[in-house]
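To start, the structure under review is shown below, and the notes come after it.
Nothing in this text is a laboratory measurement; each read-out follows from the coordinates by a stated rule. Note that the coordinates shown come from a computational prediction; the quantities given were computed from them, not determined experimentally. In this analysis, Cβ positions are derived from the backbone assuming ideal geometry, glycine residues included, and neighbour counts consider all displayed protein chains.
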Amino acid sequence: MSSIQHSLRIPKKLDREISREIQFRGERDWSKGEISLMEEALRSSRVPGIVFVQGRNERRPAVAFSGLEVREVVATWKESGETWDELIKAYPEVSENQLRAARAYYSTYPEEIDERPAREAYWTPERVAEERPFTRRPGA
């Protein structure tokens, strides 16, 4: 990925907050951490109602105040034939605006949401056995 260098003056108080967040996320490189924060801020600004949650290895977009990741809502929507009424029925505890936010995020950043299932599909039981034989139970 190509990049452009900028000089940026940050107030000390904001720098402390940024550094604390970057450290919390486990990032050691300030620039990479700041870029991640800026990307999330821009995405949340472009699609209100979306927040980012810490996953096992990465931060993922989620529907605010729902406990649902965007990918879950999108998977349900696709499984229902991309039918709005079926999506609403699948999540009666979630408002229509929350579901609209998930769909809006997907329409804005489809590659981000589609990439994860493709990555997970790679790890079939056969591939795990072949590439990670140490994961087998003893005697299996």
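Data for the structure
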quantity: Cross-link partners of Lys78 among aspartates and glutamates (Cα-Cα below 18 Å; sequence separation of 8 or more within a chain); calculated: Glu69, Glu86, Glu96, Glu111, Glu112, Asp114, Glu115, Glu120
quantity: Protection proxy ranking, peptides 64-73, 42-51, 7-16, average beta carbon neighbours within 10 Å, highest first; calculated: 64-73, 42-51, 7-16
quantity: Local net charge near Ser80, Cβ-Cβ under 14 Å (Lys/Arg +1, Asp/Glu -1); calculated: -2
quantity: Mean ellipticity per residue at 222 nm, deg cm²/dmol - from DSSP H runs of n ≥ 4 across the chain, formula -39500 (n - 2.57); calculated: -17500 deg cm²/dmol
quantity: Phi to ³J(HN,Hα) by Karplus 6.51 cos²θ - 1.76 cosθ + 1.60 over the range 3-12, Hz, x for Gly, Pro; calculated: 9, 10, 8, 10, 9, 9, 9, 10, x, 4
quantity: Sequence-separation-based contact order of the chain, relative, with Cα cut under 8 Å and 6+ spacing, percent; calculated: 14
quantity: Cβ-derived FRET efficiency at R0 22 Å, Gln54 paired with Arg100, nearest 0.05; calculated: 0.35
quantity: Calculated FRET value between Glu93 and Arg116, using beta carbons and R₀ = 22 Å, to 0.05; calculated: 0.40
quantity: Extension gain, Ile18 back to Glu126 (0.36 nm per residue minus Cα-Cα distance, nm); calculated: 34.6 nm
quantity: Cα Rg over Rh - the range 83-138, Kirkwood; calculated: 1.23
quantity: Stokes-Einstein D in µm²/s, Kirkwood radius over Cα pairs - the chain at 4 °C with 1.567 mPa s viscosity; calculated: 73
